[in-house]
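Every number in this text was worked out from the coordinates using simple rules, so none of it is lab data. Not measured: the values here are computed from a predicted model. We place every Cβ from the backbone using ideal geometry, glycine too, and count neighbours over all the protein chains shown.
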Amino acid sequence: MSVLDAIFFDVDDTLFSTSEFARRARRAAVEAMIEVGLRVEVEQLEGELLEVVSEFSSNYDHHFDQLLRRIPKRHYKGVNPAILVAAGVKAYHDTKDHHLHPYPDAVRLLADLAGIEDLLLGVITSGLSVKQAEKILRLGIYPYLTPTAIYISDQIGINKPNVKLYRRACSDLNLKPARCMYVGDRMVRDIDPANALGLITVHLVRGGRHSEEVGVSEPDHRIGHFDELRELLRERYELDLPSATDEHPSPSSEHESPVA
């Protein structure tokens with residue numbers, strides 16, 4: 001019998017490459033703005049957009065409005081500013097349709113875990129409610145999750161790295177932290193607070209922007225991809241899962257160049 005009652009996952013840069021998606025989407029947005037009449041070099045405009053994101057946060061709703069305010073009006077004389085902003089917004093959202101995909105090995109594992117009776121699968125994620133919920137739906141992972149085990153910081157009123165966010169999930173679901181696992185990519189915001197509560201922690205190191213981050217604690221396990229977690233769950237935690245080598249093709253190419 002497994003010692004696990006639940007497995008919770010972070011979303012960004014854990015179930016998909018947020019860093020790579022953001023790079024693609026921002027590039028597409030500035031190129032679209034230039035295409036409809038903004039007369040600025042693409043690299044310069046992309047740099048300005050990165051500054052806007054850094055200054056106003058990634059959850060700000062008016063990045064492209066602020067971007068345009070930073071550009072001298074002579075660079076878009078004769079062009080309706082609303083068209084420029086709309087072009088950037090449209091291109092960003094169009095990128096979601098083409099490039100917002102989960103790691104294939106993550107989906108395979110979630111699908112197999114969902115078939116295990118009495119095992120809860122959830123997410124504990126930081127961000128705005130609608131944005132994070134949209135990611136869960138676009139990634140196609142919602143069918144594998146326990147609907148009551150989705151915790152979004154904005155919706156709960158507690159943000160990472162506050163340990164209360166993790167405690168709230170365990171309390172609501174009547175779970176003992178020691179029988180729960182948390183998988184995330186950030187040491188400070190994911191692993192440290194989960195460790196403080198006593199969850200079993202798994203640090204995913206997959207080349208994201210926070211892969212070199214150092215925390216004040218150490219994870220129980222460190223993995224590079226979800227096939228490693230699959231084998232860990234099979235061998236260490238006695239979950240009834242098929243082996244990656246038994247059921248699936250070699251994931252080596254996926255891990256070298258993850259889908260974003």
Would you mind ranking D118, D172 by Cβ crowding within 10 Å, fewest neighbours first?
D118, D172
May I ask for the net charge around V130, where only other residues with Cβ less than 11 Å from the Cβ of V130 are counted and Lys, Arg are +1 while Asp, Glu are -1?
-1
Tell me what the chain gives for mean residue ellipticity at 222 nm when only DSSP H runs of n ≥ 4 count, each as -39,500 (n - 2.57), the sum divided by the residue total, rounded to 500 deg cm²/dmol.
-13000 deg cm²/dmol
Determine the relative contact order of the chain: mean sequence separation of Cα pairs under 8 Å and six or more apart, normalised by residue count, in whole percent.
25 percent
Amide H of G215 versus every other amide H placed in the peptide plane: which residues, excluding those fewer than 5 positions away on the same chain, fall under 5 Å?
none
Amide H of I150 versus every other amide H placed in the peptide plane: which residues, excluding those fewer than 5 positions away on the same chain, fall under 5 Å?
V123
I need the semi-axes of the equivalent ellipsoid of segment 19-99: take the C-alpha gyration tensor, multiply each eigenvalue by 5, square-root it, list largest first in whole angstrom.
19, 14, 11
Scan segment 203-237 for GluC sites (Glu not before Pro) in coil per DSSP, keeping those whose Cβ has at most 12 other Cβ atoms within 10 Å, and list them by number.
E212
Which entries in the list K131/K176; K96/K135; K90/K131; K96/K131; K135/K160 go over 20 Å, if you measure between the two C-alpha atoms of each?
K131/K176
Arranged by the count of other C-beta atoms within 10 angstrom, fewest first, what order do D112, D65 take?
D65, D112
Using Cα atoms only, what is the angle between the long axis of helix 42-56 and the major principal axis of the chain, expressed in degrees (0 to 90) to the nearest 10?
60 degrees
If amide H atoms are modeled at 1.01 Å from N in the peptide plane, then the residues at a separation of 5 or more from F16, or on another chain, having amide H under 5 Å from its own are Y103
Least to most buried among K77, K160, K96 (fewest other Cβ within 10 Å first):
K77, K96, K160
When only Cα pairs under 8 Å and 6 or more residues apart are kept, what is the percent relative contact order across segment 19-99?
49 percent
Placing each pseudo-label 7 Å from Cα in the direction of the beta carbon, A196 and E134 end up separated by a distance in nanometres of 3.1 nm
Each label point is 7 Å from the Cα along the Cα-to-Cβ direction; what then is the distance between the points at E212 and N159, in nm?
2.5 nm
Between helix 81-99 and the chain, what is the angle of the helix's C-alpha long axis to the longest principal axis, kept within 0 to 90° and rounded to the nearest 10?
30 degrees
At a Förster radius of 25 Å, what calculated FRET efficiency corresponds to the Cβ-Cβ distance of E55 and V188, to the nearest 0.05?
0.75
Report, in degrees rounded to the nearest 10, the 0 to 90 angle that the Cα long axis of helix 129-138 makes with the longest principal axis of the chain.
70 degrees
Most mobile of D227, D246, D105 in a GNM of the chain (Cα contacts under 10 Å):
D246
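For the chain, what ratio Rg/Rh do Cα atoms give with a Kirkwood hydrodynamic radius?
1.03
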